[in-house]
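What follows is one structure encoded as structure tokens, with my remarks underneath.
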Amino acid sequence: MSTDTLREPQQDRSRATRKRLLEAAIECLASLGWAGTTVAVVAERAGVSRGAAQHHFPTREDLVTAAVEYVSDERTAQLRERVNDLPTGPARTQAVIDLIDHMYTGPLFRAALQLWVAAASDEQLRARVVPLEAHVGREVHRVVVELLDVDEKVAGVREIVQSTLDMARGLGLANLLTDDSMRRRRILNVWAGMLDAALANARIGGRTGGPPS
């Protein structure tokens, strides 16, 4: 058996271990907060030894920031895969709004929020979180533009898409302490109609069922 043949299962196990650690870190951060998310706690939840965890991620900062980036990239990739499954016309805009709402009310958002709070009072952590959030923000914005099937070069499109994301983030914050789903749903339904009308002149192709340009 060749060295390369032996190395492949080892690499597969290493990737699987890394993935378990990253996903466990998000779960811990969302449920236990920054203070409770230690490498040891994450390793235990992932079913990995502490030594193995530190082999992949020497510090808590390494682990948590890598976890937020990994899961964010996974989620945006999954969103992109939904492009061809979305309905046309106003129903498409509503479906995209529903996806955005889910993104800002799930465990990834709660985990990211815990990271932001910790970074606000930790200069070294903030230096890592700021560029990470810039990357995540750009990717989310880009994928939402793709899902809405609009041309961002049209005046005002970039701003209205970003306004949608900012509003959804704010509504997600309001949902952290109490179940705000009924009020949030009413607001998002109204916003979906306004957004669909505002983007009418920016649609690409004929996929959304809008009028031809």
Apart from one, (1) buried (at least 16 other Cβ atoms within 10 Å of the Cβ); (2) in contact with a Lys or Arg (Cβ under 7 Å, 6 or more places away or on another chain); (3) within 30 Å of S163 (Cα to Cα) all hold for L79; the odd one out is (2)
Here the residues within the range 42-78 that are within 20 Å of the chain's Cα centre (by Cα) and among the acidic types (D, E) are E61, D62, E69, D73, E74
Within the range 101-148, residues outside any helix (DSSP H, G or I) and surrounded by fewer than 18 Cβ atoms within 10 Å (Cβ to Cβ) come out as G106, S121, D122
All conditions in (1) without any contact (Cβ under 8 Å) to a residue 12 or more places away in the chain; (2) closer than 20 Å to L195 by Cα are true of L148 except (1)
Subset of the range 177-206, residues among the hydrophobic types (A, V, I, L, M, F, W, C), touching a residue at least 40 places away in the same chain (Cβ under 8 Å) and in contact with a helix residue (DSSP H, G or I) (Cβ under 7 Å, 6 or more places away or on another chain), comes to L188, W191, A192, L195, A198, L199, A202
Of the listed residues (E74, E123, E61), the one being closer than 28 Å to T178 by Cα and of a type in the set (D, E, K, R) is E74
T5 meets each of (1) at pLDDT below 90; (2) surrounded by fewer than 14 Cβ atoms within 10 Å (Cβ to Cβ); (3) closer than 24 Å to R126 by Cβ with one exception, condition (3)
Among A25, A30, the single one that is surrounded by 14 or more Cβ atoms within 10 Å (Cβ to Cβ), touching a residue at least 40 places away in the same chain (Cβ under 8 Å), in contact with a Gly (Cβ under 9 Å, 6 or more places away or on another chain) and aliphatic (A, V, I, L, M) is A30
Expected single match for over 30 Å from D101 (Cβ atoms) and basic (K, R) among R45, R50, R80, R75 is R50
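The values are calculated or read from the model by the stated rules, or taken from the named source; none is laboratory data. Just so you know, these numbers come straight off a predicted model, no measurement behind them. Here the Cβ is made from the backbone with ideal geometry for all residues, glycine too, and neighbour counts use every protein chain on show.
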